[in-house]
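Structure record follows, encoded as structure tokens.
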Amino acid sequence: MADFSTIIKTADFKTEKHAPVIECENSFKADAFSVITVSVGKEIRHPNTTEHFISWIDLYFKPEGNGAVIHLGHSEFTAHAESAQGANQGMALSDPLMTVKAQLKVSGTLLAMSYCNIHGLWQSEKNITVG
Ligand SMILES: [Fe+2]
């Protein structure tokens, strides 16, 4: 039997181009919104071609000491230089980066997951303290 824990990969984004990178302050204010950016390929650019691309990124929040998981956002990247003239001849490419503005009322962990159409699911996490 397969489950997600056996197929989702993790790695240091500085050495692996697929690992999503979560960027935000380490500490949030409980009564304010904060901006969270998630990207793939920050250190080592991921290929973005008609044949090979990052399809989507999801961002979740796992509150500390609570079994809940909260889906904060989802972005799909749908332009990969497709064209009637052929693969990689198109006039537009989307690059895998998403921004979410969120208010977190308790400390916890942000979890990002990305999907490469060739290399599968990748995750990363970042602990957030809320004061
Ligand atoms: Fe890939």
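Once fully extended, how much extra length lies between S55 and K105, figured as 0.36 nm per residue of separation less the alpha-carbon to alpha-carbon distance? List each step's numbers first, then the result.
Working: separation 50, 0.36 × 50 = 18.00 nm, distance 3.04 nm.
Extra length from S55 to K105 when fully extended: 15.0 nm.
Ordered by the count of other Cβ atoms within 10 Å of each Cβ, fewest first, S55, S39 give S55, S39. Every helix of 4 or more DSSP H residues in the chain counts as -39500 (n - 2.57), and over all residues that averages to -500 deg cm²/dmol at 222 nm. A DSSP coil position with no more than 14 other Cβ atoms inside 10 Å describes the following chymotrypsin sites (Phe, Trp or Tyr not before Pro) in region 1-91: F33.
Only loop residues by DSSP count here, and only those with at most 11 other Cβ atoms within 10 Å; note down the trypsin sites (Lys or Arg not before Pro) in region 1-109 that meet that.
Values: sites: K9, K14, K17, K29, K42, R45, K101, K105; in loops: K14, K17, K29, K42, R45, K105.
Passing sites in region 1-109 are K14, R45, K105.
Each of N127 and S27 was given a label point 7 Å from its Cα along the Cα-to-Cβ line. The distance between the two points is 1.5 nm. Return a single number: how many Lys pairs in region 11-110, at a sequence separation of 8 or more or on separate chains, have alpha-carbon atoms below 26 angstrom apart. Lysine pairs meeting both conditions in region 11-110 amount to 13.
Could you compute the FRET efficiency for N88 and H119, with r as their C-beta to C-beta distance and R0 at 22 Å, rounded to 0.05?
Details: r = 19 Å, r/R0 = 0.85.
Given R0 = 22 Å and the Cβ-Cβ separation, E is 0.75.
Each distinct pair of alpha carbons in the chain adds a 1/r term; the inverse of their mean, the Kirkwood radius, is 15.7 Å. For T50, T6, the sequence from fewest to most other C-beta atoms within 10 Å is T6, T50.
We did not get these values from a lab; they are worked out from the coordinates using the rules stated. A quick note: this is a predicted structure, and the numbers were derived from the prediction, not measured. Cβ: placed from backbone, ideal geometry, glycine included. Neighbour counts: every protein chain shown.
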